[in-house]
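So the structure is just underneath, and the comments pick up after that.
The values are calculated or read from the model by the stated rules, or taken from the named source; none is laboratory data. If you're wondering where the values come from, they're calculated on a predicted model, not measured in any experiment. Heads up, the Cβs are rebuilt from the backbone with ideal geometry, glycines too, and the neighbour counts pull from every protein chain shown. All accessible areas refer to the heavy atoms of the entire protein, side chains included, with ligands and DNA or RNA removed. Shrake-Rupley method; radii C 1.70, N 1.55, O 1.52, S 1.80 Å.
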Amino acid sequence: DVTGTAEANSTVTVFVDGSPAGTTVADGSGNWTFTITPALAEGTYAISATAEDAQGNESAPSSDVFLTIDTTAPTTTIDSAPPADDNDATPAFTFSSNEGGATFECSVDGGAWTSCSSPHTTAALADGPHTFEVRATDAAGNTDATPASHSWNIDTATPAAPVITSPADGSTTG
């Protein structure tokens, strides 16, 4: 909806990119609301309005208000992540979105989504398999429905020392 104020009981004409989109009438206090139909497609639009009183006097146009319609969710990409098998219990990730100004939420191993930024280093994780997910939300509030995901395995355990089984200790070979 587009809302505004004008002379009480005047007829307000709303313009989208300079073309009339329709009219509405300001109430006794001068407040008006107009719903643009059909809904605007994605893009940026200049919205303005004029008012005409009962005597037919028309105002100058209002200043343009720019409105961006964005209904497309951003795409999130993990740009760097640990290798499939890693010995770092606090791995770092970098990630990005195809839309500038996006904010991010991260989840580790199916945990709660929490606000994060790139680069992001996880809290200390136990040995074993893990999954990191990240999703972007753009300025219009659209959130990536398919978060970027990376799975890997952490192994920080030091291997046992090898045992030599042959030749026998103290043996002589010829």
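Filtering the range 107-124 down to residues that are over 12 Å from the mean Cα position of the chain (by Cα) and farther than 26 Å from Ala157 by Cα, which residue is least open to solvent (accessible area, probe 1.4 Å)?
That would be Ser118.
Note on the range 67-83: among residues that are open to solvent by 50 Å² or more (accessible area, probe 1.4 Å) and at pLDDT below 95, the one that is farthest from the chain's Cα centre (by Cα) is Leu67. When the range 96-105 is limited to residues that are in contact with a Pro (Cβ under 9 Å, 6 or more places away or on another chain) and without any contact (Cβ under 8 Å) to a residue 40 or more places away in the chain, the one that is surrounded by the most Cβ atoms within 10 Å (Cβ to Cβ) turns out to be Ala102. Of the numbered criteria (1) surrounded by fewer than 16 Cβ atoms within 10 Å (Cβ to Cβ); (2) of a type outside the set (Gly, Ala, Ser); (3) modelled with pLDDT of 95 or more, the one Thr156 fails is (3). Just one residue in the set Thr146, Thr173 is β-branched (Val, Ile, Thr), more than 30 Å from Thr72 (Cα to Cα) and open to solvent by 80 Å² or more (accessible area, probe 1.4 Å); that residue is Thr173. Does the range 36-45 contain any residue that is over 24 Å from Ala140 (Cα atoms), surrounded by fewer than 13 Cβ atoms within 10 Å (Cβ to Cβ) and either of a type in the set (Lys, Arg) or in contact (Cβ under 8 Å) with a residue 24 or more places away in the chain (or both)? Looking for residues that are over 24 Å from Ala140 (Cα atoms), surrounded by fewer than 13 Cβ atoms within 10 Å (Cβ to Cβ) and either of a type in the set (Lys, Arg) or in contact (Cβ under 8 Å) with a residue 24 or more places away in the chain (or both), one finds none in the range 36-45, hence no. Taking only pairs six or more apart or across chains, which ones have beta-carbon atoms under 7 Å, a first residue in the range 6-22 that is under 11 Å from Phe34 (Cα atoms) and in contact (Cβ under 8 Å) with a residue 60 or more places away in the chain, and a second residue that is of a type in the set (A, V, I, L, M, F, W, C) and assigned to a strand (DSSP E or B)? Between residues of the range 6-22 that are under 11 Å from Phe34 (Cα atoms) and in contact (Cβ under 8 Å) with a residue 60 or more places away in the chain and residues that are of a type in the set (A, V, I, L, M, F, W, C) and assigned to a strand (DSSP E or B), there is no close pair.
The number of residues in the range 118-150 being assigned to a strand (DSSP E or B) and free of Cβ contacts under 8 Å to residues at least 60 places away in the same chain comes to 10.
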